[in-house]
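Where a number appears in this text, it was derived from the coordinates with a stated rule and is not lab data. The shown structure was predicted, so the numbers you read here are calculated from the model rather than taken from an experiment. Every residue, glycine as well, gets a Cβ built from its backbone with ideal geometry; the counts of neighbours run over all protein chains shown.
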């Protein structure tokens with residue numbers, strides 16, 4: 001009996017936490033609620049969805065095309081496509097992964113088009129507008145050096161193939177979990193790990209060669 | 001564990017996706033291999049650089065831009081059509097096709113044949129009573145546009161005569177000392193040409209019987225005739241009257257050369273010296289010219 005009194009609080013805590021977890025799993029996320037509202041014609045809900053995802057999609061686009069204006073236009077096109085194609089989305093809970101898929105498709109197409117036009121070969125490092133957004137607090141020399149390294153890494157990533165580039169962006173620049181990356185790219189978890197390992201090693205080796213020539 | 005196996009585990013190790021057993025073996029190899037330790041350090045630095053990438057701020061008008069793109073746009077169908085063309089690279093092909101069609105159409109229009117000899121025979125050119133000079137005003141298609149002397153002269157050398165009209169210039173002297181005939185042609189003209197002092201039949205329409213010059217234009221091309229009429233009536237200093245197929249023009253003597261230019265190359269030219277008696281009589285003497293179209 002004494003044992004029961006000792007264990008009762010523990011049992012209560014475990015039961016409560018399990019219950020709370022169940023409730024959390026059942027409750028639709030904010031994204032899912034908004035997606036359902038958009039399906040019912042709520043345009044404000046779509047604007048709210050844009051606000052939730054705009055930073056991720058805009059940064060994905062920026063890392064691909066490395067230009068503010070192009071990234072803005074590209075990311076806007078992603079949302080426009082998503083809005084028009086929303087009725088075709090089968091699972092409302094997969095909106096995030098689905099949006100990233102649209103985003104990656106747009107990025108690939110835009111990147112190819114710009115590359116064909118010689119957009120990237122004509123672009124100097126001085127054009128890279130990310131330098132305007134380096135956090136302050138460092139000395140100008142350090143900021144400049146940090147910017148130089150970032151530009152170097154960006155240019156090195158640009159030389160990688162699409163599959164390596166994308167998995168690096170999703171994991172190391174966007175910080176997405178493995179399972180979501182697997183959903184976006186349509187590959188199993190083990191493949192995500194092995195592809196990511198190869199892409200990271202490839203980048204390290206490329207940078208090693210670049211640094212050795214500096 | 002060898003070096004290759006060890007370095008294959010870098011990514012999983014950093015993301016904490018490695019099993020306990022593998023971690024033990026991995027750490028054991030690192031402790032005994034400075035090369036792999038150095039590689040791991042470089043691997044970690046690479047990822048640290050990626051993670052330090054600054055997040056780009058989304059432009060303030062981002063959402064507005066999306067809504068603008070979603071708003072229905074006028075001429076959306078037209079834009080869609082143009083975008084279809086640009087996407088399928090039809091621009092160059094379409095332009096080329098249009099150019100080819102245009103060139104062929106122009107060639108067909110310009111090469112429409114006119115049998116000059118038939119026209120000459122039909123109009124009795126070469127007879128003594130009315131012949132002044134007969135020229136192929138349109139030996140080349142360039143002469144299709146009257147009043148462009150340089151191009152017209154150039155066309156005279158063309159090896160591909162495509163006559164569109166024949167022009168006759170006939171001068172009529174007011175008082176004829178040699179029996180009603182006057183040669184107003186210069187030395188390049190055919191010999192023994194003579195001109196009647198009798199009134200030209202075309203003048204009866206205008207109520208006058210004494211023109212200074214009669215120009216007869218033989219052309220089957222109405223386009224040529226219309227173009228010529230437009231040129232003749234464009235000069236506001238010239239008084240023009242149209243009646244049927246004839247045009248009565250009163251112009252200053254000093255503008256005879258301009259008038260002649262409108263007909264393109266005329267060889268032999270009107271010998272203006274022969275008309276000098278008109279000019280001498282009065283500085284403001286006006287020429288009366290009848291242009292008859294046949």
> How many nm is it between the label spots at residue A:160 and residue B:101, if each spot is 7 Å from the Cα in line with the beta carbon?
Replying inline: 5.1
> Roughly how crowded by other chains is peptide A:66-77, in terms of the mean Cβ count from those chains within 10 Å of each of its Cβ atoms?
Replying inline: 3
> Using 7 Å Cα-to-Cβ label points, what is the residue A:42/residue A:139 separation (nm, one decimal)?
Replying inline: 5.4
>> Averaged across A:172-184, how many Cβ atoms of other chains sit within 10 Å of each residue's Cβ atom?
In response: 1
> What is the average number of partner chain Cβ atoms found within 10 Å of a Cβ in B:43-51?
Replying inline: 6
> Two-decimal Rg/Rh of region B:1-58 from alpha-carbon positions, Kirkwood Rh?
Replying inline: 1.10
> Where does each of A:72-84, B:240-252 land if you order them by average Cβ count within 10 Å, highest first?
Replying inline: A:72-84, B:240-252
> Once both labels are modelled 7 Å past Cα along the beta-carbon direction, what's the residue B:68-residue A:109 spacing in nm?
Replying inline: 2.1
>> Highest mean first, how do A:194-206, B:48-60 rank when packing is the count of other Cβ atoms within 10 Å averaged over residues?
In response: A:194-206, B:48-60
> By per-residue mean of other Cβ atoms within 10 Å, what is the highest-first order of A:91-99, A:154-162?
Replying inline: A:91-99, A:154-162
